[in-house]
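Take a look at the structure set out below.
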Amino acid sequence: HLNIKHYNKTFRGIVTNKNIHRGNVILKVPNECFMTTLKARNTEVGKELENSGWTPHSSHTWLALYLLQEKMNPNSFWKPYIDILPPTYGDFPQFYSLTELKQLKGSFILDMIKSRNLNLEKEFNEMIKAIPIFGKKITLRDYIWARIAIVSRVFQINLSNNEKTEGLVPMADMLNHSKNPGTKWSFVPDDNAFIIASDSFLF
């Protein structure tokens, strides 16, 4: 039911190519095709982080390191997905140019941006101190890119009544948000998949 529409070189989105009736499955992504915090903890870098004794300030740190580890691997299973993630996030304050920041002079937002950047820098420095080998492979800018990639598209996923995780779900993370969405999404254990279904008539 879906197509990827390119509006220009840097902007794309998901559109429906036919009428979709209530209850129809719009998108189904198998478990093996999305990245989760649980999977990140079982990777090489995840185990190094676990054994380092350092406790990350955010659960997103696990996914960020997993994402960066796989980004550096040319043979990664996740390469097709990582290749289509935005290479930059110029619309996020962490990457504003000096000219853009000057336009915010007098606004409390400047202090918020500074505080956020300092917190990310502090976490990055603590992380590479805990895992020195990883600090030789990535920069602070790489880490900020990964954190923004996650915060801008992460899903909370209930794998079961007792098991929850966060995940990056290809295709699903390209859908636009709405205050009154016409769809519902959830992880369906019987299908072992992340499923988005229509909650109303879409066209």
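The values are calculated or read from the model by the stated rules, or taken from the named source; none is laboratory data. Remember, it's a predicted structure, so these values are computed and weren't measured experimentally. With ideal geometry, Cβ positions are generated from the backbone for all residues, glycine too; neighbour counts draw on all protein chains shown. What goes into the accessible areas is simple: the full protein's heavy atoms, side chains included, and nothing from ligands, DNA or RNA. Shrake-Rupley method; radii C 1.70, N 1.55, O 1.52, S 1.80 Å.
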Handout entry: Cβ-Cβ under 8 Å pairs, at least 6 apart or on other chains, the stretch 177-199 side without any contact (Cβ under 8 Å) to a residue 40 or more places away in the chain, far side of a type in the set (Ser, Thr, Tyr) and crowded, with 17+ Cβ neighbours inside 10 Å
Key = 182/198
Practice task
Report, by residue number, each residue of the stretch 6-17 that is under 21 Å from the mean Cα position of the chain (by Cα) and open to solvent by less than 100 Å² (accessible area, probe 1.4 Å).
Solution key: 12, 13, 14, 15
Exercise for the section: Could you check residue 80 against (1) touching a Phe, Trp or Tyr at 6+ places or on another chain (Cβ under 7 Å); (2) exposed (fewer than 11 other Cβ atoms within 10 Å of the Cβ) and say which number it fails? Expected result: (1)
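Only one of 150, 128, 196, 138 is in contact with a strand residue (DSSP E or B) (Cβ under 6 Å, 6 or more places away or on another chain) and either among the aliphatic types (A, V, I, L, M) or closer than 14 Å to residue 61 by Cα (or both); which? Before you say what the answer is, go through the steps one by one.
On the way: 150 fails: in contact with a strand residue (DSSP E or B) (Cβ under 6 Å, 6 or more places away or on another chain); 128 fails: in contact with a strand residue (DSSP E or B) (Cβ under 6 Å, 6 or more places away or on another chain); 138 fails: in contact with a strand residue (DSSP E or B) (Cβ under 6 Å, 6 or more places away or on another chain).
Being in contact with a strand residue (DSSP E or B) (Cβ under 6 Å, 6 or more places away or on another chain) and either among the aliphatic types (A, V, I, L, M) or closer than 14 Å to residue 61 by Cα (or both) holds for just one of 150, 128, 196, 138, which is 196.
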Handout entry: Test: residue in the stretch 55-67 that is part of a loop (DSSP other than H, G, I, E, B), in contact with a Leu (Cβ under 8 Å, 6 or more places away or on another chain) and either in contact (Cβ under 8 Å) with a residue 12 or more places away in the chain or over 26 Å from residue 159 (Cα atoms) (or both)
Key = yes
Completion exercise
When every residue in the stretch 34-54 that is over 14 Å from the mean Cα position of the chain (by Cα) and part of a loop (DSSP other than H, G, I, E, B) is compared, the one farthest from residue 167 (Cα to Cα) is 53
